[in-house]
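Inspection log for the structure reproduced underneath, given as C-alpha cells.
The values are calculated or read from the model by the stated rules, or taken from the named source; none is laboratory data. Computed from a predicted model, the values in this text were never measured in an experiment. Every residue, glycine as well, gets a Cβ built from its backbone with ideal geometry; the counts of neighbours run over all protein chains shown.
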Amino acid sequence: METCPDCNRQLEASWKFCIHCGAALRSTHTPMSAALAGQADAPPMVPLGGNRYSQALIVGGAAILCLGVTLLILTLVLLRGGFA
Ligand SMILES: [Zn+2]
C-alpha cells in the first residue's frame, strides 16, 4: 500500500492517480504539480489587468463626477449673484 501525498489516504501501489483527490502519484506527481502551478499562475494576470483597467475607469469616472459637481455648484453660485 502507498499513501497519497496530498490527502494521505491509502492507495494501491499500482495506481497512478489517487481515487480520492485525483493527485498524481510517485515520480509523475512533482512535474505535474509544477506544470499545474505554472498554469495556475498565468491566468490571474489577465483578471488583474482587467481589474486595473476597471479601477482606472472608476477613478476616471469619479474624477469626472467631481468635476461635474464642482461646475454645477459654481454655476448655481453664479446664477444666484456670484460669491459676494
Ligand atoms: Zn489523494
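Here are some notes:
- Hits in the range 10-35 - residues which are surrounded by 14 or more Cβ atoms within 10 Å (Cβ to Cβ), at pLDDT 85 or above and either outside any strand (DSSP E or B) or more than 8 Å from the ligand (Cβ to nearest atom) (or both): Phe17, Cys18, Ala23, Ala24
- If you check Leu65, Leu48, Leu78 for being surrounded by 10 or more Cβ atoms within 10 Å (Cβ to Cβ), assigned to a helix (DSSP H, G or I) and modelled with pLDDT of 90 or more, only one passes: Leu65.
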